[in-house]
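Single-structure report; data block below.
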Amino acid sequence: MAQTSANVKKGDHVQHHFVDSDQQFESAKMGMWIFLVTEILFFGGLFLAYIVFRSWYPELYLMASDHLDTFWGAVNTVVLIGSSLTVAMAIRSAQLNQQKGLIINLAITIALACIFMVIKYFEYTHKFDLGIYPGAYYAYDGIAHDKANIFFSIYYMMTGLHGIHVLIGIGLMIWLIVRARKGHFHSEYYTPVEITGLYWHLVDIIWIFLFPLLYLID
Amino acid sequence: MATSETSNIKRLQVRRFKPEENPKSTYLTEETGIWAWMTTVDHKKIGLMYLASILFFFFVGGTLALLLRTELLTPAQSFITADTYNQIFTLHGAIMVFFFLVPSVPAALGNFVLPLQLGCKDVAFPRVNLLSYYIYVIGAVFTLIAIFTGGVDTGWTFYTPYSATTGGNVMMMTLGVFILGFSSILTGVNFIVTIHRLRSPGQTWNKISLFLWSLYATSIIQILATPVLAITLLLLTMERALHIGIFDPALGGDPVLYQHFFWFYSHPAVYIMIVPGFGIVSEIISTFSRKHIFGYWAIALSSLAIAFIGFLVWGHHMFTAGQSSLANMVFSFLTFLVGIPTGIKIFNWVATMYKGSIDMKTPMLYIMAFLFLFMIGGFTGIMLGSLAVDIHLHDTYYVVAHFHYVMMGGMVMAFLGGLHYWWPKMFGKMYNEFWARIACVVIFIGFNLTFLPQFVMGSMGMPRRYFNYLEQFQGYHQASTYGSYILGIGFLIIAAYLLHSLLRGKKAPPNPWGSRAMEWQTSSPPSLHNYEHTPVVINGPYDYHKPMSEFQLGIEGSHNGHGEHQHTETKTVEADK
Amino acid sequence: MSGHHISSAKFLWGVGIVLLVLTFITVAVTWIEIPSPWNVVVAIAIAVVKAAVVAMFFMNLWWDTKFNILLLVMSIIFFMILVGITLLDTLYRTDPIPSF
């Protein structure tokens, strides 16, 4: 299975306190999963704020979500699902020692993530133009509800924090490409690709929930 | 050579490895120099760096407490203004909770002991471990900046809307604590993975020490609760920076929601602080009673039960905050449940001592103090958990006394016990037993003199966080202040003899307490990679009925593939495992 | 048990297409009027299915150790605790428990 180029490097990546490569790989993966647990609860706090205020002011959510563009939200969902697919393909490439496939898939992922951010940017600036700012700076009178600022505070916090996670993901992906070009990854060692992939899928999952909760309230 | 069955799959050839009496090369003599220390990934050195940091913060927080107590000698203002008083109690609380109590046992003692008790060379992610230390330092720097650029007067709970509107540099402080949270999370991730993946051959889940079980439970709380604190503080920061209004009633938000957010972390955080202390108690009680721990699984699982129930009770901090009566009743009921696993633990510890061969060395003395003080703290907690009583006692000195009995009488006593217990292992030096016992007694007396009067004046209605008070409370306040001075003297004695021990203490043998636990089966202090062999475990850590020779078994050589040239060896071990 | 599961490219594409179809469905159901609580239930249910598909087949939980699945489940349980108990307060603030 392993190619000759991989054989040369074999074993180099095993740190001294691990018995073998598998133990190290499984440890890293478990560590990442535990970290994802913290991410889920981190966003969980925002979902809690969302749920509490929605239970108090259901009509506010109906009115306010009209001002979010379902079309672009749906496009962004498709973009992120596509990027999840390419990350999964990148891991597959690494597992099969396909250097080129790995780099190409990572590059497509970065491109999709950038598209996501660009769309987000236009959504944000459109709202700013209308005067839809969070909290105290809210200055839009198109929504007949006195708590409209709270909805958009929650909206900006959720999508903003998610956006920051996308940016971090882009950074990680660039780092992976740099390392992949140096030939660091092969079928015996692709841990960073795997755990970055896990992180990226979680970012996708969070968006999968944000999309219907924010955009699809009819 | 003895052959023994260590797992149901493979038989291992093991032999006895006696720990070296006078090790030439230890982790303290290898890789010295400031740069080597600062960039070390060795869990023992990182543990010591944490230890030095938390002791520094303990000193700062303690000094602040003495300032507060001195101000309270008289009912009127004596030497600090009311605003300064508010800032000082905020800092005392924030520093003691976030910079001392939370990292004290897990990050300092736990970092040092955990891999030793697992027989592995390091934690699973050594670089992440170092990172967590530097994140802690960065968080501390942010807090210091906050102190010197306006201070914070919100109390350590940062309740909105006051924290969103008051002057000072609340944002810097909350960011500091936010950053600190990552350090806590990374330690938790590291410990869980290490306990899962890096146990020695033969070390099944029923053969790891109860200290590890408690660290495991603590780590679970850390990873589940800390992110909620992070989002809380982030929202609070945004509240101040952008006035997002989620917690601000003036903008349509809800301040009680902030308290839900905050206490969802901060109540479990109380268990982050105390549960590792429980682990230390289990270790020390068994060692100094020379007896198998009573109810191993009961103690191990009650740690997990406390971790779980701890997540269900946060609302008992909010009985008077305006939450619904239904929530009040549910939280009050759930709060009583915490008493069950805690009671199970106390029962098992006392049962361990029953008919044991008890040796009242300093660590054991601290644990006796722990049992006594923690019981008082625990029972008064049950009283505060009942709704009607809490309405009267809420935000009085009764509450202050309660959590100091739990946190200081419980946690700090356990920490001091653990510090004395593992001191010989850490530095290879013994401390002066006589002065250590004196200090323990002085602290015990000083502690009770400080906080018992607070129960009394609290139940008489003395509110907490007040700068002035009615003259009728002066006697209690004075007793409390003098007690705090005695407490301070006790800590100075400790500092003196520990420093003396470091500089010219007697050399410690590898196993001064005759313990069966794994960390004592290597030299004191341990070598850079903990063990020169791969330890193999066939007995539990409390099996005092088995001979010492059965606790020092291992496989020849360090088979963990250390260094490039040893890689070929790894293959043969894989076959063994 | 091992984490070195290699999915075929065909399989991954299949998972991706399933997710896209589910995305289309979740948008499409908003075109028909579903009465109030149920539209949220349907939206959340589809999101849960999508998230589960991502977790199982993109994040390889299907072939992973049970502990990693347990971790995911645990995080959801504790999120539910956070929400559930907080709602006990926020939903019942105005109408207290009837007196006995």
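Structure summary
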read-out: Members of region B:143-159 that are at negative phi and touching a Ser or Thr at 6+ places or on another chain (Cβ under 9 Å); value: B:146, B:152, B:153, B:154, B:156, B:157
read-out: Qualifying residue in region B:442-457 (condition: touching a residue at least 12 places away in the same chain (Cβ under 8 Å) and on the phi > 0 side of the Ramachandran plot); value: no
read-out: Residues being hydrophobic (A, V, I, L, M, F, W, C) and free of Cβ contacts under 8 Å to residues at least 40 places away in the same chain - total across region A:170-218; value: 4
read-out: Residues within region A:71-90 that are surrounded by fewer than 17 Cβ atoms within 10 Å (Cβ to Cβ) and either in contact (Cβ under 8 Å) with a residue 60 or more places away in the chain or in contact with a Cys (Cβ under 8 Å, 6 or more places away or on another chain) (or both), tallied; value: 0
read-out: The lone exception for residue B:341 - which of (1) touching a His at 6+ places or on another chain (Cβ under 7 Å); (2) assigned to a helix (DSSP H, G or I); (3) surrounded by fewer than 23 Cβ atoms within 10 Å (Cβ to Cβ) it fails; value: (1)
read-out: Qualifying residue in region A:20-35 (condition: of a type in the set (S, T, N, Q), closer than 30 Å to residue B:194 by Cβ and in contact (Cβ under 8 Å) with a residue 60 or more places away in the chain); value: yes
read-out: Selection status of residue B:275, within 12 Å of another protein chain (Cβ to nearest Cβ) and assigned to a helix (DSSP H, G or I); value: no
read-out: Residue tally, condition within 14 Å of chain B (Cβ to nearest Cβ) and without any contact (Cβ under 8 Å) to a residue 40 or more places away in the chain, over region A:125-165; value: 14
read-out: Criterion: at pLDDT below 95, under 19 Å from the mean Cα position of the chain (by Cα) and within 14 Å of chain B (Cβ to nearest Cβ) - qualifying residue of A:29, A:9; value: A:29
read-out: Hits in region A:173-209 (condition: under 18 Å from residue A:96 (Cα atoms) and assigned to a helix (DSSP H, G or I)); value: A:176, A:177, A:179, A:180, A:181, A:191, A:192, A:193, A:194, A:195, A:196, A:197
read-out: Search result, residues across region B:515-535 that are closer than 19 Å to residue B:207 by Cβ and not polar (S, T, N, Q); value: B:516, B:517, B:518, B:519, B:520, B:531, B:533, B:535
read-out: Within region C:37-55, tally of residues that are over 8 Å from the mean Cα position of the chain (by Cα) and either within 22 Å of residue A:54 (Cβ to Cβ) or surrounded by fewer than 16 Cβ atoms within 10 Å (Cβ to Cβ) (or both); value: 7
read-out: Of all residues in region B:115-136 being outside any helix (DSSP H, G or I) and facing another protein chain (nearest Cβ under 10 Å), the one that is nearest to residue B:527 (Cα to Cα); value: B:121
read-out: Within region B:290-309, tally of residues that are surrounded by fewer than 23 Cβ atoms within 10 Å (Cβ to Cβ), in contact (Cβ under 8 Å) with a residue 12 or more places away in the chain and within 14 Å of chain C (Cβ to nearest Cβ); value: 2
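The values are calculated or read from the model by the stated rules, or taken from the named source; none is laboratory data. The structure displayed is predicted, hence computed values, not measured ones. Note that each Cβ is placed from the backbone with ideal geometry, even for glycine, and that neighbours are counted across all protein chains shown.
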